[in-house]
Amino acid sequence: MGAEEPDLYRDTWVRYLGYANEVGESFRPLVPVSVVRASYGVATAYVTADAIDKGRKAATAHAQDPAQATRVGVAVVDTFVWQGLASVAIPGFTINRLCAASLALLGTLTRWPLPLRRWTTTALGLAAIPFIITPIDRTVDFLMDSSLRKLYGAPGEPPAPH
């Protein structure tokens, strides 16, 4: 039995594409809004590709299973919702609010020139990214386990009969 193949979307550099919108939000004070929107496009493409990949893996793993379509659907939905919340929506909102508050506070509390306040805000946003990842991931796990996953059980498993 060989070693398990690494997951392209979770175990390689590709996973960093999921952080594109956090980087975009961090740079919002310095770049046109179109750049920030493009960063969300990159992160959303990553989420979509991961969901499709998990669906394909579920299809292969359950090729002989009569519930294959359900297992594939659950894998895709679970991955897309989890990644959408944990990689795009919640971190994007968090960094956006952190940067907005930082820029406002720096404007109120310092006499620094605007370009310095903007660069400082960007640096704070970028520095915060590693610290928000794990708490957000655990929160999304809890939210999913407490809601959507109750409908269909563990990811990749068909819904339990009622």
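Mean Kyte-Doolittle of at least 1.0 and a Cα length of 20 Å or more along the axis: which whole DSSP H helices of the chain meet both?
Working: long enough: 33-61 (42 Å, 0.31); 68-83 (22 Å, 0.61); 90-109 (28 Å, 1.31); 114-146 (44 Å, 0.60).
Going by DSSP H runs, the hits are 90-109.
Calculate, for the chain, the solvent-accessible area per residue in square angstrom, rolling a 1.4 angstrom probe over the heavy atoms of the protein chains.
Result: 59 Å² per residue.
Using protein chains only and a probe of 1.4 angstrom, how many square angstrom of Y16 are accessible, to the nearest 10?
It works out to around 130 Å².
Set the Förster radius R0 to 30 Å, insert the Cβ-Cβ distance between A101 and T48 as r into 1/(1 + (r/R0)^6), and round the FRET efficiency to 0.05.
Result of the calculation: an efficiency of 0.45.
Could you pull the accessible area for R97 with a 1.4 Å probe, rounded to 10 Å²?
120
Measuring from centroid to centroid over Cα atoms, what is the spacing of the stretch 102-155 and the stretch 15-38 in Å?
The two parts, judged by their Cα centres, are 13 Å apart.
May I ask for the Kirkwood hydrodynamic radius of the chain, worked out over all distinct Cα pairs and given in angstroms to one decimal?
Computed over Cα pairs of the chain, the Kirkwood hydrodynamic radius comes out at 17.5 Å.
Is it possible to state the helix-based mean residue ellipticity at 222 nm for the chain, with each DSSP H run of 4+ residues giving -39500 (n - 2.57), the sum divided by total residues, to the nearest 500 deg cm²/dmol? What is it?
That comes out to -23000 deg cm²/dmol.
Kindly report, to the nearest 10 Å², the accessible surface of I90 as traced by a 1.4 Å probe over protein heavy atoms only.
50
Can you tell me the length gained on complete extension of the stretch S34 to F93, counting 0.36 nm per residue apart and subtracting the Cα distance?
Taking 0.36 nm per residue and subtracting the Cα distance, the gain is 19.6 nm.
Of the accessible area of the chain, with the probe set at 1.4 angstrom, what percent is carbon plus sulfur?
67
Amide H to amide H under 5 Å from H62: which residues, 5+ apart in sequence or cross-chain, H placed 1.01 Å off N in plane?
Those lying under 5 Å, H to H, from H62: there are none.
Ranked by accessible surface with a 1.4 Å probe, highest first, in what order do W112, W82, W119, W13 come?
W13, W119, W112, W82
In the stretch 88-122, which residues have a backbone nitrogen under 15 Å from the label point lying 7 Å from K57's Cα in the Cα-to-Cβ direction?
In the stretch 88-122, the label zone of K57 (backbone N under 15 Å from the point 7 Å along Cα→Cβ) covers no residue.
Among V47, L124, L17, pick out the residue whose Cα is farthest towards the positive end of the charge dipole of the chain, where Lys and Arg carry +1 and Asp and Glu carry -1 on C-beta, about the Cα centre.
Toward the positive end, the furthest listed residue is L124.
The values are calculated or read from the model by the stated rules, or taken from the named source; none is laboratory data. Quick caveat: nothing in here was measured; it's all calculated off a predicted structure. Cβ coordinates were reconstructed from backbone atoms using ideal geometry, including for glycine residues, and neighbour counts include every protein chain displayed. Areas reflect the complete protein model, heavy atoms only, side chains present, ligands, DNA and RNA absent. Shrake-Rupley method; radii C 1.70, N 1.55, O 1.52, S 1.80 Å.
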